[in-house]
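A.B. asks: Before I ask anything, let me first share the structure, which is written out below as structure tokens.
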Amino acid sequence: MLPDADELAEVLLDLAVPHEDINALVRMGRRVTDDPELLRFLRASVEELVRGMGEVGGAVDLPQLDWASGPLQRCFPVYVFVAALPYTRAYHRARGIPADVSRRTLADLGRNMTVHRRRYGRAGVQAPWWLTRHFRGELYQLGRLQFERTRPGQRTARALTAAGLDMGSGALCLNLHIPDCLGPLSPAACERSLALAADFFATHYPEEKFRAALCHSWLLDGQLKQYLPADSNIVRFQDRFHIVHEDREQADTEPVQFVFGDPELAVGTLPRRTAVERAVGDHLRAGGHWYIGHGWFAL
């Protein structure tokens, strides 16, 4: 199920896996292929991942390797995604997905591992559950933003219906995600992504009609406007959306994680180098809290 050592190294490079992790992953890959128990677990994991490939919102429960904590446990999802790659690429080819879109989408594996190494100083996959969307054909990187084929929740669907959008049976939306490491979230970059998405989904998913773009993020917390100028990228991104509601549950670790790289950082130590860093940190130091906002705009 896994390519040989030489090909595995090349595949890992294609998936943007950090260079410092590749040699160790190739060596551990031999352990996986030589151990019947690990190989059975790998096959079962891949079957779970690719079942219902392309379905919107398909339930995927990747089992966690019951193994002593260590590099193999932290990195085992890499082998699952590599072994599933032929299925993903076949699905992309059947849909006519351009090679560059496929490559940039699946490179989120490497970005995910970069986040893990930055946070913990060692190899690992930060959020395997998140990457299942990429490898199942549910999510695509199109310019600055990522777009996930999805169905709206009940509260959002009611808001869309009240606004006059046809949310009958089977109506779909696109969840917007904002990856880091891709430059500023400028209005021009967002417009380009939205234009790319309009063409992409009309071409490759012509049978699906996406009524609205959704976003569920701390970036839609209205309190940010108290700290950031009206012409800032974040505020201009917020202004695209009709806000359905904000969660009442505190989500303080969300901006700390995405702005500073580690959700466990002590509030008192957060740096103040940029306007966003000052906004996030000063608000928390003043006793405030951050919340997830849920918004939409029509497509």
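A.B. asks: For Arg74, state whether it is farther than 24 Å from Leu182 by Cα and more than 20 Å from the chain's Cα centre (by Cα).
C.D. replies: Working: farther than 24 Å from Leu182 by Cα: yes; more than 20 Å from the chain's Cα centre (by Cα): no.
No: the conditions fail for Arg74.
A.B. asks: Still on this structure, please answer the following. Of the numbered conditions (1) part of a loop (DSSP other than H, G, I, E, B); (2) over 24 Å from Gly52 (Cα atoms), Ile97 fails exactly one; give the number of that condition.
C.D. replies: (2)
A.B. asks: Based on what the data block shows, is Thr161 farther than 24 Å from Trp130 by Cβ, in the same structural domain as Leu299 (by TED's automatic domain parsing) and of a type in the set (Ser, Thr, Tyr)? Quick ask: steps written out before the conclusion?
C.D. replies: Details: farther than 24 Å from Trp130 by Cβ: yes; in the same structural domain as Leu299 (by TED's automatic domain parsing): yes; of a type in the set (Ser, Thr, Tyr): yes.
It is true that Thr161 is farther than 24 Å from Trp130 by Cβ, in the same structural domain as Leu299 (by TED's automatic domain parsing) and of a type in the set (Ser, Thr, Tyr).
A.B. asks: Continuing with this model, one more query. For the stretch 31-66, what are the residues that are closer than 15 Å to Leu139 by Cα and free of Cβ contacts under 8 Å to residues at least 24 places away in the same chain?
C.D. replies: Step one: filter the stretch 31-66 for residues closer than 15 Å to Leu139 by Cα, giving 49-50, 52-60.
Ala59 - this is the single residue of the stretch 31-66 that is closer than 15 Å to Leu139 by Cα and free of Cβ contacts under 8 Å to residues at least 24 places away in the same chain.
A.B. asks: Oh, and also: So which of Ala230, Ala286, Ala212, Ala279 ends up being farther than 22 Å from Gln146 by Cβ and surrounded by 21 or more Cβ atoms within 10 Å (Cβ to Cβ)?
C.D. replies: On the way: Ala230 fails: surrounded by 21 or more Cβ atoms within 10 Å (Cβ to Cβ); Ala286 fails: surrounded by 21 or more Cβ atoms within 10 Å (Cβ to Cβ); Ala212 fails: farther than 22 Å from Gln146 by Cβ.
Going through Ala230, Ala286, Ala212, Ala279 in turn, just one is farther than 22 Å from Gln146 by Cβ and surrounded by 21 or more Cβ atoms within 10 Å (Cβ to Cβ): Ala279.
A.B. asks: Separate question: Looking at the structure I just gave you, is Leu228 under 24 Å from the mean Cα position of the chain (by Cα) and not small (Gly, Ala, Ser)?
C.D. replies: Values: under 24 Å from the mean Cα position of the chain (by Cα): no; not small (Gly, Ala, Ser): yes.
Here the answer is no, as Leu228 does not meet what is asked.
The values are calculated or read from the model by the stated rules, or taken from the named source; none is laboratory data. Note that this is a predicted model, so its numbers are computed, not measured. As a convention, Cβ positions derive from the backbone with ideal geometry for all residues, glycine included, and neighbour counts pool all protein chains shown.
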